[in-house]
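Inspection log for the structure reproduced underneath, given as structure tokens.
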Amino acid sequence: MEKNILKKILIVDDNEVHLVIAENLLKGHYDVTTAKSGKDALIFLSKGLVPSIILLDVLMPEMDGWETYNKIKGISLLRNVPIAFLTSLDGVREKLYASRIGAADLITKPYEAGELLNRIEKILGN
């Protein structure tokens, strides 16, 4: 019997509580890697991690999610990896901007477990 290989997901959030919640919701469904900053995410990605999807917080110190998104999309190997923003920002401006730059989704916190899983599955075409 072939072993079921889980798709890789990278969650980037500077808030430890949000990171743990998302990780606990998704482990078992996905092979989860977490990063506490955009800089840490770029380090993981530079070491060859190619996730199926990236969940990226917008409000982070040093390098926010928008800048992190642009840096990730600038890496040719990762250009086609879908990135969904996870954020407490739920204004029309953020949603329009995320859509305009090509983000896969903008999911507002707090979210329901089922909603997060469904939206990830929709992005991945599951």
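The values are calculated or read from the model by the stated rules, or taken from the named source; none is laboratory data. As the structure is a computational prediction, the values presented were derived from the model and not from experiment. Here the Cβ is made from the backbone with ideal geometry for all residues, glycine too, and neighbour counts use every protein chain on show. We work out accessible area using only protein heavy atoms, side chains counted, and drop any ligands, DNA or RNA first. Shrake-Rupley method; radii C 1.70, N 1.55, O 1.52, S 1.80 Å.
Restricting to segment 27-36, give me the number of residues that are part of a strand (DSSP E or B), open to solvent by 30 Å² or more (accessible area, probe 1.4 Å) and within 17 Å of PRO61 (Cβ to Cβ).
Within segment 27-36, residues that are part of a strand (DSSP E or B), open to solvent by 30 Å² or more (accessible area, probe 1.4 Å) and within 17 Å of PRO61 (Cβ to Cβ) number 1.
Would you pick out the residues in segment 26-46 that are among the β-branched types (Val, Ile, Thr) and under 18 Å from ARG119 (Cβ atoms)?
Across segment 26-46, the qualifying residue is only VAL32.
Can you tell me which condition VAL17 does not meet? The list is (1) β-branched (Val, Ile, Thr); (2) part of a loop (DSSP other than H, G, I, E, B); (3) more than 18 Å from ILE123 (Cβ to Cβ), and all the others hold.
Just one mismatch for VAL17, condition (2).
Please list, ordered by residue number, the helices (runs of 4 or more DSSP H) wholly in segment 37-126 having 2 or more residues that are of a type in the set (Lys, Arg) and either open to solvent by 30 Å² or more (accessible area, probe 1.4 Å) or closer than 16 Å to LYS7 by Cβ (or both).
Result: 65-73, 92-101, 113-124.
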